[in-house]
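Shown next, in structure tokens, is the structure this report addresses.
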Amino acid sequence: MNDMSIVERKLTQDEIKISARGVQVYYGDKHAIKDVNVDILDKTVTAFIGPSGCGKSTFLRCINRMNDTIDAARVDGKILLDGEDIYDKRVDPVQLRAKVGMVFQKPNPFPKSIYDNVAYGPRIHGLARTRGELDEIVEKSLRGAALWNEVKDRLQEAGTGLSGGQQQRLCIARAVATQPEVLLMDEPCSALDPIATSQVEELIDQLRQDFSVVIVTHSMQQAARVSQKTAFFHLGNLVEYGATDDIFTRPQDPRTESYISGRIG
Ligand SMILES: Nc1ncnc2c1ncn2[C@@H]1O[C@H](COP(=O)(O)OP(=O)(O)O)[C@@H](O)[C@H]1O
Ligand SMILES: [Mg+2]
């Protein structure tokens, strides 16, 4: 953690998008996240890595209160988004999740048309006044997800009829349609073939222009390719956080070293 306090001191408040302080998560008696403190930067891709079951998904879900939907889960501590506590009673989790979007492991388009998948969020959040405005948001989101050219002539066809890689890009378009500030991605490429994976990775790099992106990945190669910052989790602890290059070439903690050299995981 020494490493992190050095990083922290160099940061200005403007660059920090999300601050976690003393975050604990319990599932009943199980202590799944143990006192996590981290500052996640704006316009940056941050990778969460670590062995299966170490708490990556659990901690990711803290950032948009998805753990609220899991009965057994209890979250303690603070998560600030632009300095505001997202667990404050006045925060509406539905509004929060429009600002902090999420893409899951398995592409999960709604059983609706391609158009309606993307239009869904803007409709419920009242982001478009006219059909023309909605059309524009749909087009812009599909372009942003690098899917427009492949679907522009069949927007009324079912989203579930697309290939796996296209479905995942549709889910990314759906997430960006509500103009989020943060995009959380939980192993977004694990159900994709190598070509679709590299398309989504390229897209992640573009999304960084506009958002803070946090990606959980079990692939260290992927973390190295897409992220600027990496956080290594082990048994519910955030063991080490820093520049991706440093984590992979000069890890400070023996647990990180063991993981990246393939001795644990
Ligand atoms: N809904 C749940 N109920 C109970 N325990 C859970 C639940 N989700 C995860 N866990 C437990 O919490 C720990 C962390 O899980 P998870 O966040 O899914 O890890 P990762 O994403 O790193 O594989 C694991 O021990 C897992 O079994
Ligand atoms: Mg997981």
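For the stretch 17-24, check the following and say yes or no: at least one residue is within 15 Å of ligand 1 (Cβ to nearest atom), over 14 Å from the mean Cα position of the chain (by Cα) and closer than 30 Å to residue 209 by Cβ.
yes
Under 19 Å from the mean Cα position of the chain (by Cα), more than 15 Å from residue 104 (Cβ to Cβ) and open to solvent by less than 50 Å² (accessible area, probe 1.4 Å), is that true of residue 212?
In short, yes.
Are there any pairs, at least 6 apart or on different chains, whose C-beta atoms fall under 8 Å, with the first in the stretch 204-217 and closer than 26 Å to residue 52 by Cα and the second of a type in the set (Phe, Trp, Tyr) and within 16 Å of ligand 2 (Cβ to nearest atom), and if so, which?
Close Cβ pairs satisfying both conditions: 214/48; 215/48; 216/48; 217/48.
Run residue 185 past the list (1) touching a residue at least 12 places away in the same chain (Cβ under 8 Å); (2) in contact with a Leu (Cβ under 8 Å, 6 or more places away or on another chain) and report the number of the one that doesn't hold.
(2)
Quick one: residue 251 ticks every box in (1) more than 20 Å from the chain's Cα centre (by Cα); (2) in contact (Cβ under 8 Å) with a residue 24 or more places away in the chain except a single one, so which number is it?
For residue 251, the failing item is (2).
Consider residue 173 carefully, then state whether it is in contact with a Gly (Cβ under 7 Å, 6 or more places away or on another chain) and assigned to a helix (DSSP H, G or I).
For residue 173, the condition - in contact with a Gly (Cβ under 7 Å, 6 or more places away or on another chain) and assigned to a helix (DSSP H, G or I) - is met.
Only one of (1) within 15 Å of ligand 1 (Cβ to nearest atom); (2) within 12 Å of residue 45 (Cβ to Cβ); (3) at pLDDT below 95 is not met by residue 204, so which one is it?
Exception for residue 204: condition (1).
Need the failing condition index for residue 114 against (1) modelled with pLDDT of 95 or more; (2) over 17 Å from the mean Cα position of the chain (by Cα); (3) surrounded by fewer than 19 Cβ atoms within 10 Å (Cβ to Cβ), just the number.
Just one mismatch for residue 114, condition (3).
Restricting to the stretch 25-60, name every residue that is in contact (Cβ under 8 Å) with a residue 12 or more places away in the chain, open to solvent by 40 Å² or more (accessible area, probe 1.4 Å) and within 10 Å of ligand 1 (Cβ to nearest atom).
26, 27, 28, 31, 52
Would you check if residue 220 is within 16 Å of ligand 2 (Cβ to nearest atom) and open to solvent by 10 Å² or more (accessible area, probe 1.4 Å)?
Criteria met by residue 220.
The values are calculated or read from the model by the stated rules, or taken from the named source; none is laboratory data. Because the structure is a prediction, the values reported are computed rather than measured. Every residue, glycine among them, receives a Cβ derived from its backbone with ideal geometry; neighbour counts consider all protein chains shown. Surface areas here come from the heavy atoms of the whole protein model, side chains and all, with no ligands, DNA or RNA. Shrake-Rupley method; radii C 1.70, N 1.55, O 1.52, S 1.80 Å.
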